[in-house]
Amino acid sequence: MMSKAGICALGIALAMTSPAAIAQNTVRISGHYTGEMIREGKALEISIDLPRQASQSRPRYACPMHPKVTSSTPGKCPICDMPLELLTSANESHATFTSLSQAVMDYPLNSFTVEGDNVHFVLGGSIVFDGRASVHHIDGQFHGPEGAGEFHLESAAADVLPYTVREVTFHHGDVTLVGSLLAPKTPGKHAGVVLLHGSGPETRWGTLRYVADRFARAGIATLIYDKRGSGNSTGNLDSFTYDDLAGDAIAGLRLLASQPNVDRMRVGLLGHSEGGITGVVAAVHASREIAFIVAEDTVAGPVYKSDLYRVNRSIRHTGFKPEEISQAMNVYGTFVDVARGVTSYSELEAAQNKYGQTEWFRWLSIPPRDALFWATTPQRENLDTLVYWRKVDVPVLLVYGEKDELLPVSQNIEAIENALARRVPYTALIAPGAQHNLTVHPPPEGPFFWWKAAPGIVDLTVNWVQSVTTTSQRAGE
C-alpha cells in the first residue's frame, strides 16, 4: 500500500520513519502500553512498545532533494532552502507507536527519553509528547501542528500473534533488500502476498506493517520490505526505473514463494500508488509467477500526465494567486517535458532565471541540473501503465479513494477496465470519503474527529485475495 503515505492532522507521516532513542532511564519503563490520545473530547486508541534495552541515538535530518546534506538538528538545506526531513531508518529494537483505527502498526518513534519520572517522545517528526511516568502509567500532554491534547497510557500484556515474524534479506542485482516475512502458524500451504510501496523513501513500518498483520491473521503469508535506498535496504532512490522497482518486487515474490509453507501458485502483489505501477510492470515481467494483482490509487496511462494532474490539483490548495498558479504550471510543464527528454534543459533554465526567487517556484522543488534524478526520469515519466495492463492475465482488484485529489478516480478505473478488456476477473472498489492514502479526514471547517483508515477496505481486500486464491487452488486440483 504506497505503503499510503500522507501527513495528517495529529497523525503519522507514513512516508517517514526514524529510530527511537531511549536515554539512560531513571524510571525503568519497558514493554507494552495501551491507552488513548484525547483531543477536543475525542479519544484515539493507541499503544506503544518500549524495548528493554536500546542504544542512545540522535535523530538525523536530510534534504529530500540533496540527500548528502544532513544535520543532527532541524533546519534548511543550504543548497535549495528546503526544510530538512527526518532520515528514514529501519526499526530494530526501538520504541514504536500503533493506532489500529489509523491502520498504523509498529511505527518508530523519532525519540523516547526518560529523565527522572519525566517522559518525552516525538512521533512523525512533529507531534511532541511530554508526561510523567509511574510504575505502570504514563500520563501527559501532546502538541503538534494541528492541535494539542492529553494522553494516558497503562502497561498491559502484549497480544500473542497468530503468526511468526522473521527478518529476511533478498537481492536484486547489487541491491540488498531487507524485510519481514509474516507466516501463519496454521499447518499446510498458504497463499502469499508481497506489499509494495508508494513513492519516495518508505520502510516496512506503519501502514504496510498493519496490512501485513491483517493478511497474516487471515492465513496469508506476507512479505514487507524496506524500499531500495530506505531503512536497512541498499540501493539508490535518486536514480531508478520502474523496471528496477519491479525487479525488487519479483525478487521478494520469489523469496516468499520459496517458503515451505507457501503455495507458489497462489502468490501475488499488492501495491499502493507508485506500488501499483511497480506491481503491474512486475506482473508482465513475471507473468507465470504472479497469481493476482491489487492496485490501490494507481496511475492509468502515461506517468507524466498523472504527474501534471497531481501538481495542478495540489497547488490549488497552497494559497497562491491564480496568475501564480498559471505561471507555476507552465514552468512545471516545461520541467516535465525536460524530464521526458522532449525539451531542452535551456528552456527550464530560462524559467529558473526568471522565476527562481518566487515562492511558487521554490514550492515546485525542481531538482538541480546535476541531480541523479535526471538520468532515469525519461523511463519513468514516459512509461504508459495501460500498455502493461493490456497484458495482464490474472485477477485484478482496483481500490481508489473517493476523494483522491491526486488522480482522476473514475477515469483511471475506466481506463484500466478497458485495458483489461474482460480477459480476467476484475473488481473495483471506491472507498467513500477516502483520500489518496485511503484515509478519511474531517472537513476543514467541520467538527474535529481523528482521521482514520477507510473503514473496512483492508478487510475487503484480504477477503478478495482469499477468494481468488481459493479459486486458483481449486482450479489446480
Original post:
For Gln379, what is the net charge nearby, where nearby means another residue's Cβ is under 12 Å from its Cβ and Lys, Arg count +1, Asp, Glu -1?
Top reply: -2
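Given the Cα-Cα distance of Ala428 and Glu146 and 0.36 nm per residue of separation, how much length would full extension add, in nm?
98.1 nm
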**OP:** Using a 1.4 angstrom probe on heavy atoms only, work out the carbon and sulfur share of the accessible area of the chain in %.
**Re:** 50 percent
Subject >> Computed lengthening from Glu347 to Thr176, 0.36 nm per intervening residue step minus Cα-Cα distance >> reply: 57.7 nm
Original post:
How large is ³J(HN,Hα), in whole Hz, for each residue of the stretch 397-403 in order, when computed from phi with the Karplus curve 6.51 cos²θ - 1.76 cosθ + 1.60 and θ = phi - 60°, using x for Gly and Pro?
Top reply: 10, 9, 10, 10, x, 4, 9
Original post:
Tell me, what is the per residue accessible area of the chain in Å², probe radius 1.4 Å?
Top reply: 43 Å²
**OP:** Go through Lys42/Lys321; Lys42/Lys403; Lys76/Lys403; Lys76/Lys321; Lys42/Lys227; Lys227/Lys452 and tell me which ones have a Cα-Cα distance over 30 Å in this structure.
**Re:** Lys42/Lys321; Lys76/Lys403; Lys42/Lys227
**OP:** Taking amide H positions as placed in the peptide plane 1.01 Å from N, state which residues far from Ala300 in sequence (5 or more) or on other chains have amide H under 5 Å from it.
**Re:** none
Original post:
Using the Kirkwood formula over every pair of different C-alpha atoms, what hydrodynamic radius in Å results for the stretch 343-446?
Top reply: 17.4 Å
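Sum -39500 (n - 2.57) across every DSSP H segment of at least 4 residues in the chain, then divide by the residue count to get the 222 nm mean residue ellipticity, nearest 500. Intermediate values should be presented prior to the final figure.
Numbers: 11 runs with 134 residues, N = 477.
The helix-only estimate for the chain comes to -9000 deg cm²/dmol at 222 nm.
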Subject >> Vicinal HN-Hα couplings computed from phi for the stretch 327-340 (Karplus, 6.51 cos²θ - 1.76 cosθ + 1.60; Hz; Gly/Pro x) >> reply: 5, 4, 5, 4, 5, 5, x, 5, 4, 5, 5, 5, 4, 6
Original post:
For the stretch 241-315, which trypsin sites (Lys or Arg not before Pro) are in a loop by DSSP, counting at most 13 other Cβ atoms within 10 Å?
Top reply: Arg288
Subject >> Sites Arg264 and Ser239 - FRET efficiency at Förster radius 22 Å, r taken between beta-carbons, to 0.05 >> reply: 0.10
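The values are calculated or read from the model by the stated rules, or taken from the named source; none is laboratory data. Model, not experiment: these values are computed from the prediction. Backbone-built Cβ (ideal geometry, glycine too); neighbour counts: all protein chains shown. SASA here: full protein model, heavy atoms, side chains in, ligands and nucleic acids out. Shrake-Rupley method; radii C 1.70, N 1.55, O 1.52, S 1.80 Å.
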